[in-house]
Amino acid sequence: MIDIVMPPSEEAVEAVVLTWYKQPGEAVEAHEPLLELSTDKVTMEVPAPASGILREILKHENDPVRPGEVLGRLDPDGAGEAPAEAAPGVPAEAAPVDAAPTTADADTPDRRTRLSPLVKRMLKEHNLDPAQIPGTGRGGRITHRDVKAYLERQAAEKAAPAPAPAPAGPIPSRRVPHSHMRRRIADHMVESMLRTAPHVTAVFEADLSAIVHHRKRHKDAFAARGVRLTYTAYFVRAAVEALQEVPEVNSRWHDDALEIFEDMNIGVATALGREGLIVPVIHRAQLLGLFGIAARLQELTEKARAGKLLPDDVQRGTFTLTNHGVSGSLIATPIIHQPQSAILGIGKMEKRIKVREEHGRDVIDIAPRAYVTLTIDHRALDGYTANLFLSKFVEVLERWPEEKV
């Protein structure tokens, strides 16, 4: 027997079993997806370690699992087993010659082979055409969640508006079960804020005129090379330079020492609509220029919103940036993404009036500005260190050279 185990993870991430694609007694091919797991960050498939027959399932749907745990067992000696023959004297049913294909199989051969037994059963039960359902699994494969989402959309479209309820009795409500991602986010936030790190936030204001002008000059050239030039790319690059100036911020607290990282692996919080958010990581960002950061950011954001991030894409972060201003927030005090020491927040960019002195006279200056915050783990860093970091960060943004790409 061969054990089917949850893949190892450097961050020891707990997961739950979403669904098994095969049941005991069914044949599997080496590297064929066997089951689907969900962590707080990604959904991932566990492939068969060898060809054979699935003999045992040890972890069932919604069971929690950790890296290295045995999920089931596979019999490699059963790889050549043939289906049982019909009993003597009982003639086998002849297959209909001109039978029409079912809707669950009415797609391309490649998509048919990638449909799990659960998905095929759901398609058949609801008489659905797989060609109408966009797949978010690896290689465009349709998952059971894709089918469920499609059914929910159909039901919403057909539902008639309900009459207004009478204003008496309990307040009308509905309960939405927490997803595994939401439960894990909740656990992380409580652990970080209430049980681990004393949080302190410093707030600066940045004049973004230089990067607004630079982006207008260069965004078409970036687009011609297939890359969107977003303001977040500027913020990531400016954070790299601030971390180089104040390396203590790129760190992790231990009881006996502060571990300062040489690589600047910058996570960028990415909203997934109402489902939550995820933090894909730009690894070794200190080696990338503005174009390289913009390209990697675009790739990770697209993968995140398509549900196609791999475990490596969300691990080994050393510092996090959240551009909460894209959804309208002026100032926020983000919670630190443990076990990091700080998180950078960027507020909404808007034109503001500021009085400054020029040649001994007060003048009114109108410019695109944003509030920027650094929330720190006060065990590891002090307000002075946070202010050093933000001073450098703002300086980089306000003095962005025209030729810097």
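At-a-glance table
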| quantity | calculated |
| --- | --- |
| Conditions (1) part of a helix (DSSP H, G or I); (2) touching a residue at least 24 places away in the same chain (Cβ under 8 Å): number failed by K303 | (2) |
| Filter pass, V200 being surrounded by 14 or more Cβ atoms within 10 Å (Cβ to Cβ) and not in a helix (DSSP H, G or I) | yes |
| Single residue of I343, I331, I336 found to be assigned to a loop (DSSP other than H, G, I, E, B), aliphatic (A, V, I, L, M) and surrounded by 17 or more Cβ atoms within 10 Å (Cβ to Cβ) | I336 |
| Output for segment 346-373, where each listed residue is part of a loop (DSSP other than H, G, I, E, B) and touching a strand residue (DSSP E or B) at 6+ places or on another chain (Cβ under 8 Å) | G347, K348, M349 |
| Positions within segment 196-228 being among the hydrophobic types (A, V, I, L, M, F, W, C) and either without any contact (Cβ under 8 Å) to a residue 60 or more places away in the chain or farther than 22 Å from K348 by Cβ (or both), in sequence order | A197, V200, A221, F222, A223, A224, V227 |
| Matching option when the condition is of a type in the set (D, E, K, R) and farther than 30 Å from L272 by Cα, among E56, E69, E61 | E56 |
| Filter result for E36 (in contact with a His (Cβ under 9 Å, 6 or more places away or on another chain), surrounded by 16 or more Cβ atoms within 10 Å (Cβ to Cβ) and closer than 17 Å to G140 by Cα) | yes |
| Matching residues in segment 281-299 - criterion: being under 14 Å from the mean Cα position of the chain (by Cα) and buried (at least 19 other Cβ atoms within 10 Å of the Cβ) | V281, I282, L297 |
| Residue match in segment 349-369 (condition: assigned by TED's automatic domain parsing to the domain that holds I211, under 24 Å from H283 (Cα atoms) and touching a Leu at 6+ places or on another chain (Cβ under 7 Å)) | no |
| Options I278, I260; residue that is assigned by TED's automatic domain parsing to the domain that holds M189, in contact (Cβ under 8 Å) with a residue 12 or more places away in the chain, in contact with a Lys or Arg (Cβ under 6 Å, 6 or more places away or on another chain) and β-branched (V, I, T) | I278 |
| Single match in P170, P165, P161 (criterion: modelled with pLDDT of 80 or more, more than 22 Å from P134 (Cα to Cα) and not assigned by TED's automatic domain parsing to the domain that holds I278) | P170 |
| Where A233 falls short, out of the listed (1) in a loop (DSSP other than H, G, I, E, B); (2) under 30 Å from K308 (Cβ atoms) | (1) |
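The values are calculated or read from the model by the stated rules, or taken from the named source; none is laboratory data. The structure presented is a predicted model; accordingly, all values stated were derived computationally and were not measured. Quick reminder, even Gly has a Cβ in these numbers, built from the backbone with ideal geometry, and neighbours come from all protein chains shown.
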